[in-house]
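Okay, structure first, notes after.
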Amino acid sequence: MSENPKNGTPEVGVPGPEDASSEGPDVVRPSRRTVLGVGVLSAVALLGTGALAGPRPARLGAPTGDQDLAAELADHLTDQRTVACALIDGDDVRFAGFGADEHREFEVGSVSKTFTAALVMDAVRRGELELEATVQDVLGASAKGSAIADVTVRELASHTSGIPSLPAPVIAKNLWRTPLHRDPYAGFGAQEIVDLALDATPAGRGSVAYSNHGVALEGQLVARAAGASWPDLLAERVLTPMGLTATHAPITASRLGAKAPTGFTSTGHGSAAWTMDGFAPAGGIRSTTADLVTWVRSMMDGSNPGADGIRPTARQDEKTSVGVNWFTTTLAGGGSAVWHNGETGGFHSFCGFSPEAKRGWVLLSDTADSGTDDLAFRILDGEVAA
């Protein structure tokens, strides 16, 4: 296999350095901070805690599943620990893992946003919601006078609302939570997500600027429009009908099973589980590679409730656009990738497919490191013949 390509930007909509010496697809994409986004603010708090001491080297787990696929992938996963992935090639699916099979549970981080997209598009089909509906259309008088009253569902879904990614109270709590590797979103319920958004001051509205708070609000709005909580709506309208029995949104740590897997930071420190409470529509789902293969294949064949939402409506840059929570990137080979990645404190994920190549890719890792995203784009582009 060819050498690793250059890395993309460190955050959606936030320019970052690239390694110009490497070869590979020239794409701009969200990476590991698509959910986290608070580490820099906590750098001072790390001093004196010992949290940066004693990094623990990664050791890739033993290969499982398709041994040929595992052998092809191993050199690309040197900074990972437990990994489960799947290659969808037309009607064929090949699973491979390292210390895990396709049924092992992982946090999927911002891939959760694609499930919120499905709920939104399903509500549009049912006539419960419109993409051009405003925050005030859904919330009524409680939104009157808010600076975001006229923000639309489409703007929330395309990251063009101007709502900051993290509200100030979340940032404040993270001065101690982040260095201790705890869930930075815990304790902010559904109503608080709405209230904090109504108090927000949009900035840069109309331009793509990745916002976890914006998508969390999107999820709470579709729940309000449907008359149910977001997790109940998710189970009723998406997970159960699609048979995604291993996928769930626990919402709070108290609802996690005693054996719920946890992961590792990029430096090898153990991270607590992230359930994200009211922010869960933006990143609180847990799933398996097997379930996410079903998810990606349903996007590829159009049966997913969110399939009609992939058409780009906002442009991040010359190569990447966004529709209803899904990104579309032009690949070096001339095709495109429809995709989303995600990261929590201890996990990284990627789901995507190339409509032209009829190829899909799912990768779940228990290490919060975005180095696997380059591999994903190269596989979808056909550069890596996995």
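The values are calculated or read from the model by the stated rules, or taken from the named source; none is laboratory data. What you see is a predicted model; the values in this text were computed from it and never measured. So basically every Cβ, Gly included, is an ideal-geometry build from the backbone, and we count neighbours across all protein chains shown. When the accessible area is computed, the model is the full protein with side chains, heavy atoms only, and any ligands, DNA or RNA have been set aside. Shrake-Rupley method; radii C 1.70, N 1.55, O 1.52, S 1.80 Å.
The tail of the calculated P(r) for segment 229-386 beyond 22 Å holds 45 percent of all Cα-Cα pairs.
Compared with the rule-of-thumb size 2.2 N^0.38 Å for a compact globular protein, segment 216-319 has a Cα radius of gyration ratio of 1.22.
Per residue, the chain reaches -7000 deg cm²/dmol at 222 nm when only DSSP H runs of four or more residues are counted, each adding -39500 (n - 2.57).
Along the chain, the exposed loop sites are GluC sites (Glu not before Pro) outside DSSP states H, G, I, E and B with at most 11 other Cβ atoms within 10 Å, and the longest stretch free of them is 133-317. With R₀ fixed at 56 Å, the C-beta to C-beta distance from Glu130 to Asp79 puts the FRET efficiency at about 0.80. A 1.4 Å probe run over the protein chains yields, for the chain, 38 Å² of accessible area per residue, whole-number rounding.
Hey, any idea what % of segment 217-367's accessible area is carbon plus sulfur with a 1.4 Å probe? Roughly 49 percent, rounded to a whole number. If r is the Cβ-Cβ distance from Arg59 to Leu256 and R0 is 35 Å, what FRET efficiency results, to the nearest 0.05? Efficiency, rounded to the nearest 0.05: 0.85. Each Lys and Arg Cβ is given +1 and each Asp and Glu Cβ -1; about its Cα centre, the chain then shows a dipole of about 940 debye. Each 10 Å bin from zero holds the following percent of Cα-Cα pairs in segment 104-170: 18, 42, 31, 8, 1.
Here segment 82-149 and segment 191-231 have alpha carbon centers that stand 14 Å from each other.
Shown for segment 107-198: the carbon plus sulfur share of the solvent-accessible area, taken with all protein chains present and a 1.4 angstrom probe, equals 55%. You can think of it this way: the chain between Thr330 and Asp199 has 43.5 nm of extra reach, that is 0.36 nm per residue less the Cα-Cα gap.
At an R0 of 22 angstrom, the distance between the Cβ atoms of Lys358 and Gln67 translates into a FRET efficiency of 0.35. If you sort Lys358, Lys259, Lys319, Lys113 by accessible surface, 1.4 Å probe, largest first, the order is Lys259, Lys358, Lys319, Lys113.
The modelled label-to-label distance for the pair Gln191/Asp301, using points 7 Å beyond Cα in the direction of Cβ, is 4.3 nm.
Within segment 210-247, find all residues whose amide N lies under 11 Å from a label point positioned 7 Å from the Cα of Ser142 along Cα-to-beta-carbon. Backbone N within reach: 221, 224-225. Derived scalar couplings between HN and Hα for segment 317-334 equal 7, 5, 10, 10, 10, 9, x, 8, 6, 9, 9, 10, 10, 6, 8, 4, x, x Hz in order, rounded to whole Hz, by the Karplus curve 6.51 cos²θ - 1.76 cosθ + 1.60 (θ = phi - 60°), x for Gly and Pro. Evaluating kT/(6 pi eta Rh) at 37 °C and 0.692 mPa s, with the Kirkwood radius of segment 186-225 over Cα pairs in the Stokes-Einstein relation, gives 299 µm² s⁻¹.
Taking a straight line from the alpha carbon of Lys319, these lysines sit under 28 Å away, with near neighbours fewer than eight places off in the same chain left out: Lys6, Lys113, Lys358.
Enclosing the Cα atoms of segment 264-312 in their convex hull gives a volume equal to 135 cubic angstrom per residue. Counting Lys and Arg as +1 and Asp and Glu as -1 over every other residue whose Cβ lies under 15 Å from the Cβ of Ser287, the net charge comes to -3. As a ratio to 2.2 N^0.38 Å, the alpha-carbon radius of gyration for the chain is 0.92.
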